[in-house]
Amino acid sequence: MSRKPSDLLEFLRRSSPPETAPEPAPVLEATPRMVVLRRTQVLVASAAGILALVLVFLLGMALGGTGAAEADAAPGNVGVWVLRVVSYKDTARGHEDAQTVKGKLVKFDLGDEVGLRRTSDGWLVVTAGAWLHDPNDNAQARELMKKVKDIKERSGAQAFPDAHFWLIRR
């Protein structure tokens, strides 16, 4: 038998480069990108954000930003309007008298906003109602004024003839 074909195969095996099976390329898992922040970076960013908010607030104040309520108010009538029923000197006796009148007004069911207010010039004022705008054009305010002025003393005279609308300025 001839050894030629086997020699030929062996020759081809030796002369050709070694056969290696192609290995598959390593496949990496798809991971989301992550951002790593240092504590100092976070502190600097939060301080910058707070300073930006303060700057925006101060700019708004400097440029005179107005809200809807302030835009409607006339330039000297900024505050709260109340019905000034009666005033007493800010003494112990005046405080007792004011409490008595306040109790009577509550009994007449004039609303929840019957109160006492101290003024800077030493007076104690009994008030009723509260409005943000001039109450002279308000029907409910005029009705409250009428109820207060219609309260009579035992003698039949008006108890609070000097009741009037009063602007408490801010």
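Read the figures in this text as sums done on the coordinates, not as results from a lab. Quick caveat, the model's predicted, so the values are computed rather than measured. Cβ sites come from the backbone with ideal geometry, for glycine too, and all protein chains shown count toward neighbours.
General observations
- Rg then Dmax, both in Å and based on the Cα atoms of the chain: 44.2, 154.
- Fully extended contour minus Cα-Cα distance, from Lys146 to Leu116, at 0.36 nm per residue: 8.8 nm
- Under the criterion of Cα pairs below 8 Å and six or more residues apart, the relative contact order for the chain equals 23 percent.
- Long hydrophobic helices in the chain: the complete DSSP H runs spanning 20 Å or more by Cα along their own axis with mean Kyte-Doolittle hydropathy of at least 1.0 are 39-62.
- Annotation: the residues Thr40, Thr100, sorted from fewest to most other C-beta atoms within 10 Å of their own C-beta, follow the order Thr40, Thr100.
- Note that the range 79-169 shows a convex hull volume over its alpha carbon atoms of 91 Å³ per residue.
- Ranked His164, His133, criterion: other C-beta atoms within 10 Å, fewest first: His164, His133
- Ordering Val82, Thr127, Phe160 by the projection of their Cα atoms onto the charge dipole of the range 79-169, which places +1 on the Cβ of Lys and Arg and -1 on the Cβ of Asp and Glu, puts Phe160 at the extreme positive end.
- Computed FRET value (nearest 0.05) for Leu59 with Phe108, which takes r as the C-beta separation and R₀ as 45 Å: 0.35
- Set of lysines with alpha-carbon distance to Lys146 below 26 Å, sequence-local pairs under 8 removed: Lys89, Lys102, Lys104, Lys107
- Loop-exposed GluC sites (Glu not before Pro) per DSSP, neighbour cap 15 Cβ within 10 angstrom, longest uninterrupted part of the chain: 30-112
- MRE, 222 nm, helices only [DSSP H, n ≥ 4, -39500 (n - 2.57), over the chain, to nearest 500]: -13000 deg cm²/dmol
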